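Data block below; observations after.
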Amino acid sequence: MKYLSTRGGMEPQSFSDILLEGLAPDGGLTLPVSLPVIDAATLESWRSLDYAGLATEILSLFIDDIPRQDLARLSAAAYREGVFSSSAIVPLKPLNQGLTLLGLSEGPTLAFKDMAMQFLGQVFEYVLTQRKTTLNILGATSGDTGSAAEYALRGKQGVSVFMLSPYGRMSAFQRAQMYSLQDSNIHNIAIKGVFDECQDIVKALSNDLEFKAAYKLGAVNSINWARIAAQIVYYFWGWLRATTMPGQQVSFAVPSGNFGNILAGHLARQMGLPVRRLVLATNENNVLEEFFRTGIYRPRSAADTHATSSPSMDISRASNFERFIYDLLDQDPARVSACWAQLAQEGEFDLSDMQPLFESRYGFVSGVSSHADRLQTIQSVYQDTGVLIDPHTADGVKVAAAYVEPGIPMLVLETALPAKFSETIQQAIGQEAPVPAHLQSLADLPQRFDVMDCQTELVRDYLVRHI
Ligand SMILES: *Cc1c(COP(=O)(O)O)cnc(C)c1O
């Protein structure tokens, strides 16, 4: 299996070669040259596999430069009880009115990013050890991604993490989660500034190519192909658990921001998984909902991006979106490049003539959920079923409800647990979300982090001293 770029300017490369890179050299995103297709008989033969076994089957289709037995070992290490608090790894939890939660948040940081990141941690360590090299992950986080990366990479050979976070601007739970890590390869840097300023420092240092090469800087952002590949697995898992017969259809509803999660659903569907609809849910930052409704893609400026009560979906542009557009434009890199050139020039592109295909060919539909919807949905689901859902998952449930069809299971991706967002839960049901037993003492653990003024040169000095 080789990989190419959506913009057409990269020689085909193997999985391990693209693993440690971000964007393709031509500014595009990497994708397999062709997608494997899974027939009904193969799909049926996977019903008895556990999660790690299924991950091995699916990931080995995309990763042919790591021996299968090694891949099986990496999957088993990533997806095991102890790392995840459910023996199923991804449990299905029935709600009401035809809806079922796909439990993606049983990992160490209580959010779905652990699903991909835990595998990434294993495969990074494997490839870096094989190549006898090291990597220093430099990133900025406002909460979820940074902590998932740190929990996946803590104690791993050959890799260190330098994570910038906005000082005093994360929730107490998120702070405790990140800053209580004592592993010597994890470095938390609390910047006296906002998230965007942390991001600017990361960009400035990563764009200094000489410095980047000398200090072996890398990233684990949401465009990383290995993360997308690992996410494809749980769509197959969800289908296998929710159906009993070949060809039976299910729909998935996905709370979306950077379009990484639902992109994996699109790829699973293209591989032949019987998916009826992919329901894309946004919050008030509805750039993607607008695209699927109108065909016009119009990212917002940072100033026009609202801070909402489902903060992990507060994005202005969707970093993985180009991979879907590549399929939509018949995998023609010239047309993809033209769209992004237009985006750079005019701030938007218009594919409204293709809008009817979004649903008819690809199963995509979309909807928006507001703060009031979120509170109402959390409250009514809790009242009717006793299940407490987090604000992001509530956006998914709210939008999914409009697309439920008789006889077709609707799986809503549970992207976080409510304990992470207790303020909104308190507002919705008048009480706090329960904290899982193993995390109840988290707030009392000693915290280890360095506070720094918001200056690129200070972070540069820190890297030089610690690498
Ligand atoms: C990252 C995240 C999302 C958005 O996922 P994308 O892959 O960026 O679309 C939704 N909910 C939660 C809790 C997240 O952490």
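The values are calculated or read from the model by the stated rules, or taken from the named source; none is laboratory data. Just so it is clear, the model here is predicted, and its values are computed rather than measured. Cβ sites come from the backbone with ideal geometry, for glycine too, and all protein chains shown count toward neighbours. Surface accessibility is based on the protein's heavy atoms, side chains included, excluding ligands, DNA and RNA. Shrake-Rupley method; radii C 1.70, N 1.55, O 1.52, S 1.80 Å.
Scan (1) within 16 Å of the ligand (Cβ to nearest atom); (2) among the small types (G, A, S); (3) open to solvent by less than 10 Å² (accessible area, probe 1.4 Å) for the single condition A190 breaks and write down its number.
Among (1) within 16 Å of the ligand (Cβ to nearest atom); (2) among the small types (G, A, S); (3) open to solvent by less than 10 Å² (accessible area, probe 1.4 Å), A190 violates only (1).
Which residues, taken from segment 267-284, are surrounded by fewer than 24 Cβ atoms within 10 Å (Cβ to Cβ) and either within 15 Å of the ligand (Cβ to nearest atom) or part of a helix (DSSP H, G or I) (or both)?
L267, R269, Q270, E284, listed by residue number.
For residues in segment 285-316 being in a loop (DSSP other than H, G, I, E, B), without any contact (Cβ under 8 Å) to a residue 40 or more places away in the chain and open to solvent by 20 Å² or more (accessible area, probe 1.4 Å), which is farthest from the ligand (Cβ to nearest atom)?
Per the stated criteria, the residue is S301.
Can you spot a residue in segment 36-50 that is within 26 Å of P333 (Cα to Cα), among the β-branched types (V, I, T) and open to solvent by 10 Å² or more (accessible area, probe 1.4 Å)?
Yes, segment 36-50 contains a residue that is within 26 Å of P333 (Cα to Cα), among the β-branched types (V, I, T) and open to solvent by 10 Å² or more (accessible area, probe 1.4 Å).
Looking at segment 105-135, which of the residues that are of a type in the set (F, W, Y) and part of a helix (DSSP H, G or I) is farthest from the ligand (Cβ to nearest atom)? Spell out the reasoning first.
Initial filter on segment 105-135 (of a type in the set (F, W, Y)): 112, 119, 124, 126.
Narrowing further to those that are part of a helix (DSSP H, G or I): 119, 124, 126.
Details: F119: 15, F124: 19, Y126: 24 Å.
So, considering only residues that are of a type in the set (F, W, Y) and part of a helix (DSSP H, G or I), the one farthest from the ligand (Cβ to nearest atom) is Y126.
Hey, any hits in segment 453-466 for a residue that's open to solvent by 10 Å² or more (accessible area, probe 1.4 Å) and part of a loop (DSSP other than H, G, I, E, B)?
Scanning segment 453-466 turns up at least one residue that is open to solvent by 10 Å² or more (accessible area, probe 1.4 Å) and part of a loop (DSSP other than H, G, I, E, B).
In segment 357-404, which residues are part of a helix (DSSP H, G or I), open to solvent by less than 20 Å² (accessible area, probe 1.4 Å) and of a type in the set (S, T, Y)?
T377, T393
When only residues in segment 243-263 that are buried (at least 20 other Cβ atoms within 10 Å of the Cβ) and either without any contact (Cβ under 8 Å) to a residue 24 or more places away in the chain or away from the ligand (no atom under 16 Å from the Cβ) (or both) count, which is nearest to the chain's Cα centre (by Cα)?
Across segment 243-263, the extreme among qualifying residues is I262.
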